[in-house]
Amino acid sequence: MKTTNRILTLAAGVAGGLLSQTVAAAPTLYGQLNLSVDQLDNGSDSALNISSNSSRLGVKGDIQIGGDIAGIYQIESELRADTAAPADNGVLASRDTFVGLQGNFGTLRIGRFDTPVKLIGRQVDLFKDQVGDARNLTRGANGSGTANTLARFDERPNNSLGYTTPELAGFKGNFQYSTNVDTAATATNDNDLISAAVNYAQGPLFVGLGYETIGFVSTATPPAAGDAPSIIRLGAYYDWNAWRINALWQKVTGTTSANDEDVYGLGASFKHQAWLFKAHTYQLNADAANKDATLLAVGTEYTLQKGVILYADYAAIDNDPGRGLTPFREGRSDNLTIATANNGDSASAFSLGAIIKF
């Protein structure tokens, strides 16, 4: 009995020691409101529109478990600041939401969050969540857009497990696996996703190289085994005094060679006191005939104070006869009918907006 009591006393002491090291910091509430007034033109129709552009509200925090290990969590939801419709504002945790562990070994997460390939694009996009967002060319369904080629690569897949390595001499690895990108439940792994990237960030230079593949299955016309769509993406920027030069290249391999396409882009920004002037152009080249498109965007931002930015942008897309893209579909809450152009039409937008971050 004495031995048992000693063991129980020792176990209680160890547990108490671990619990004493577990410290939960107060959660951090954060968010962003991005609202704009836009004049949109899809080549055959035009409209004045109020848009909430990836506005969000979230809570995040960490719990020190012991040593260098911390539990981390985040719950982030989209806000539709331009409407009070429950269908638009009633989805909790619609954006990056996860729990995980963080320490000298790196970061492990489980939940729903942006892929490593998507994050490369976000690093180098000068017009993210504004008209002219590069995803209007880089994200869309590859190739002809038929039932078995609707793979999208700038996504936040469901059912994800992620690992980010510690930084070593500016290098950091990022890996993500989704058991099923389509549904909450995973009956099979036919629709799984693998996304991986290696990033280098040191001083004025950032370079990211990523690869992603989706085990895509169409219920209408399944592609042959081994024909899963994939992407290779390379993005970079370099800061030189008040200038930043951005570049991106990606290669999409579709379910057939006719669905392959490349996108490449180049941009530059110049900062002068509270002003930022920026421009970029992206070119989509498809293997299929008459499916190319060119995006051009120019704009300026003015920082009133930390976390408060005013902006004005103009963007346009020139489509081949087989394309119907616009420069104002991605990164914005309103999915308007006008957000799709007729094939071959040129589409444009002028936008005045404000961003408030807290």
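The values are calculated or read from the model by the stated rules, or taken from the named source; none is laboratory data. Being a predicted model, the structure only gives us computed values, none of them experimental. Ideal geometry is used to build each Cβ from the backbone, glycine not excepted, and the neighbour counts take in all protein chains shown. Protein only, heavy atoms only, side chains kept; ligands, DNA and RNA dropped before computing areas. Shrake-Rupley method; radii C 1.70, N 1.55, O 1.52, S 1.80 Å.
Using DSSP to call loops (not H, G, I, E or B), can you name the chymotrypsin sites (Phe, Trp or Tyr not before Pro) in the stretch 44-132 whose Cβ has at most 16 other Cβ atoms within 10 angstrom?
Passing both the DSSP loop test and the Cβ count: F105.
Can you give the local net charge around L352? Use residues other than it whose beta-carbon is closer than 15 angstrom to its beta-carbon, Lys and Arg +1, Asp and Glu -1. It would help to have the intermediate numbers written out before the result.
On the way: positive: R332; negative: D38, D82, D129, E301, D313.
With Lys, Arg at +1 and Asp, Glu at -1, the net is -4.
Would you work out what percent of the accessible area of the stretch 244-358, with all protein chains in place, is carbon or sulfur (probe 1.4 Å)?
Result for the stretch 244-358: 59 percent of the exposed heavy-atom area is carbon or sulfur.
Might you work out the accessible area of I245 for me, using a 1.4 Å probe with all protein chains in place, and round it to the nearest 10 Å²?
So the heavy atoms of I245 present about 80 Å² to solvent.
Put a dot 7 Å past each Cα toward the Cβ at L101 and S46; how far apart are the dots in nm?
Between S46 and L101, the label points sit 5.9 nm apart.
I need the GluC sites (Glu not before Pro) found in the stretch 251-358, filtered to DSSP loop residues with at most 12 other beta carbons within 10 Å of theirs.
Here no loop site has a sparse enough neighbourhood.
Tell me which aspartates and glutamates have Cα within less than 12 Å of K251's Cα, excluding those fewer than 8 residues away on the same chain?
Those aspartates and glutamates meeting the cut-off are E212, D260, E261, D262, D287.
Set the Förster distance to 45 Å, then compute FRET efficiency between S94 and A289 from the Cβ-Cβ distance, nearest 0.05.
Values: r = 38 Å, r/R0 = 0.85.
Efficiency at R0 = 45 Å is approximately 0.75.
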